[in-house]
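Data first, discussion second: the structure below is written as structure tokens.
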Amino acid sequence: MSVEPRHFLPGDGKTFKRGQLTMTFKTGAADTAGAFTLCEAVEPPDAGAGLHRHQSYDETFIICEGRYEFRIGQKTLTVGPGETLFAPRGTLHAYRSLGPETGRQFTISSPGGVFDTFIAEIVAAQVASGSPPFRAIAAKYGIEFPGVAECG
């Protein structure tokens, strides 16, 4: 597989909207020989991802703008621009944009192709049915939401 250099301008990439979150995938498995996926996420205050874990990929979060509350394993942290967090596969984690400004972060998921494919399937199912089987789709990608009765 040939990997080519690329330059991304602001807004470049494949963008998905899920609830209040806007996710723009800059790279995927095809761009990185399967090594990683790079996603830019923009989250207004109180938006984020509930407590979850995934067995199929690691995640690194690089905070660019705003303030976030992150739970990683047993720790809860308040983080801001310039801070980075790493959640190895299997680690429970969650985050929420604290505001008052909109948060923006880059997420690197490794290996590539899992997180972006999951989001694409969820958004397509939501468009098709209005109420996708979120937990069933997440389970296909090794993503679980322990202790959460319903998520979506």
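The values are calculated or read from the model by the stated rules, or taken from the named source; none is laboratory data. All figures in this text were calculated on a predicted structure; none of them were measured in a lab. Here the Cβ positions follow ideal geometry from the backbone for every residue, glycine too, while neighbour counts run over all protein chains shown.
Overview of results
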{"item": "Filtered residues of the stretch 84-102 (kept if among the hydrophobic types (A, V, I, L, M, F, W, C) and more than 14 Å from residue 64 (Cβ to Cβ))", "result": "86, 87, 92, 94, 98"}
{"item": "Test result for residue 134, touching a residue at least 12 places away in the same chain (Cβ under 8 Å), hydrophobic (A, V, I, L, M, F, W, C) and touching a helix residue (DSSP H, G or I) at 6+ places or on another chain (Cβ under 7 Å)", "result": "yes"}
{"item": "Check on residue 86, aromatic (Phe, Trp, Tyr), surrounded by fewer than 16 Cβ atoms within 10 Å (Cβ to Cβ), more than 21 Å from residue 15 (Cα to Cα) and modelled with pLDDT of 95 or more", "result": "yes"}
{"item": "Residues satisfying the stated conditions in the stretch 99-109, i.e. of a type outside the set (Lys, Arg) and either in contact with a Gly (Cβ under 7 Å, 6 or more places away or on another chain) or surrounded by 18 or more Cβ atoms within 10 Å (Cβ to Cβ) (or both)", "result": "101, 102, 103, 105, 107, 108, 109"}
{"item": "Matching strands (runs of 3 or more DSSP E) fully within the stretch 37-152 where at least 1 residues are within 17 Å of residue 21 (Cα to Cα)", "result": "37-43, 48-54, 58-65, 68-72, 93-97, 103-110"}
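Results for (1) among the aromatic types (Phe, Trp, Tyr); (2) under 12 Å from the mean Cα position of the chain (by Cα); (3) within 21 Å of residue 11 (Cβ to Cβ), shown as yes or no for each residue.
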{"position": "42", "(1), (2), (3)": "no, yes, yes"}
{"position": "54", "(1), (2), (3)": "no, yes, no"}
{"position": "65", "(1), (2), (3)": "no, no, yes"}
{"position": "79", "(1), (2), (3)": "no, no, no"}
{"position": "90", "(1), (2), (3)": "no, no, no"}
{"position": "111", "(1), (2), (3)": "no, no, no"}
{"position": "124", "(1), (2), (3)": "no, no, no"}
{"position": "130", "(1), (2), (3)": "no, no, no"}
